[in-house]
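> Quick one: the structure is below, and I'll ask about it shortly.
The values are calculated or read from the model by the stated rules, or taken from the named source; none is laboratory data. Quantities reported herein were computed from a predicted structural model and do not represent experimental measurements. Please note: Cβ atoms are built from the backbone with ideal geometry, for glycine as well, and neighbour counts cover all protein chains shown. Only protein heavy atoms, including side chains, enter the accessible area calculation; ligands, DNA and RNA are left aside. Shrake-Rupley method; radii C 1.70, N 1.55, O 1.52, S 1.80 Å.
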Amino acid sequence: MPAVHHNLTIPDHKTLRADAERQVKDELGAIARPDDRFKRACEIVQQADLEIAAHSEERNQAAMSLWFHDGVRGLANVLGITPNAYVEMRRAALHRDKKAASLTTKDDERMTAEERRAVAQKAGVPHIKEAADRLPSLSATVSVATARRKTAMPFLQDAALVLTEEPYDWTTDRIAELGNVTVKYARDVKNMAKRRRGH
């Protein structure tokens, strides 16, 4: 049975990510006070985490449906991920383990359409009818949220470290309360900033 053909839009992930990064840098870079910067960076990271959690599973299911049930190729580009990450996504879908040794880069690409559908059915990969319509926007949303999170983290870490130093001398408890995060999280981000500085 031939592959089903869909007109999939490939989001411009590079531009989407660059725009998201610039917006976060401009916003956080304009905040002078480290406590205000830390609080806003925490909000950006928490919002991004929510968006990633809300959309990545649906994105992955749509991609797996298109690959295993419809035989659509080139989905790494639509997803905005590397080919290796895409292989890991397929491993996770079939084996619930993205490092499973039983699927090499080309294994599922060599399967016939019938074999792919059979292994997908056995693994519980659902066939989603509107997957092709949903995948581009879900992928773009996850790309933007991931870029916003990645860009905000150094600001968050540096602000946490600055708040523990002179003249602020804040405790990690106080920093955690400000960012609505755990004390361990506040300590970890402060320590990451220290490591980046070479301490």
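> Taking the stated definitions as given, is Lys122 out of contact with any Leu (no Cβ under 9 Å at 6 or more places or on another chain), open to solvent by 80 Å² or more (accessible area, probe 1.4 Å) and either farther than 30 Å from Gly29 by Cα or in contact (Cβ under 8 Å) with a residue 24 or more places away in the chain (or both)? Break it down into steps so the answer makes sense when it comes.
Working: out of contact with any Leu (no Cβ under 9 Å at 6 or more places or on another chain): no; open to solvent by 80 Å² or more (accessible area, probe 1.4 Å): yes; either farther than 30 Å from Gly29 by Cα or in contact (Cβ under 8 Å) with a residue 24 or more places away in the chain (or both): yes.
Here the answer is no, as Lys122 does not meet what is asked.
> I'd like to know if segment 80-87 contains one or more residues that are in contact with a Ser or Thr (Cβ under 8 Å, 6 or more places away or on another chain), modelled with pLDDT of 95 or more and either more than 17 Å from Thr9 (Cβ to Cβ) or of a type outside the set (Ser, Thr, Tyr) (or both). It would help to see each step written out before you state the result.
If we filter segment 80-87 for residues that are in contact with a Ser or Thr (Cβ under 8 Å, 6 or more places away or on another chain), which is where we start, we get 80, 83-84, 87.
Filter once more, keeping what is modelled with pLDDT of 95 or more: 80.
Within this subset, residues satisfying the condition of being either more than 17 Å from Thr9 (Cβ to Cβ) or of a type outside the set (Ser, Thr, Tyr) (or both) are 80.
The answer is yes; a qualifying residue exists.
> Further question on the same structure: Restricting to segment 18-59, what's the tally of residues that are open to solvent by 30 Å² or more (accessible area, probe 1.4 Å), of a type in the set (A, V, I, L, M, F, W, C) and part of a helix (DSSP H, G or I)?
The qualifying residues number 5.
> Also: Select from segment 153-173 the residues that are surrounded by 16 or more Cβ atoms within 10 Å (Cβ to Cβ) and of a type outside the set (Phe, Trp, Tyr) and list them in ascending order. Full working, then the answer.
Filtering segment 153-173 down to residues surrounded by 16 or more Cβ atoms within 10 Å (Cβ to Cβ) leaves 153-164, 170, 172.
Once the filter is applied, which keeps residues that are surrounded by 16 or more Cβ atoms within 10 Å (Cβ to Cβ) and of a type outside the set (Phe, Trp, Tyr), segment 153-173 yields Met153, Pro154, Leu156, Gln157, Asp158, Ala159, Ala160, Leu161, Val162, Leu163, Thr164, Thr172.
> Just to be sure before I move on: is Ala62 surrounded by 13 or more Cβ atoms within 10 Å (Cβ to Cβ), among the hydrophobic types (A, V, I, L, M, F, W, C) and over 16 Å from the mean Cα position of the chain (by Cα) in the structure I sent? Full working, then the answer.
Numbers: surrounded by 13 or more Cβ atoms within 10 Å (Cβ to Cβ): yes; among the hydrophobic types (A, V, I, L, M, F, W, C): yes; over 16 Å from the mean Cα position of the chain (by Cα): no.
No.
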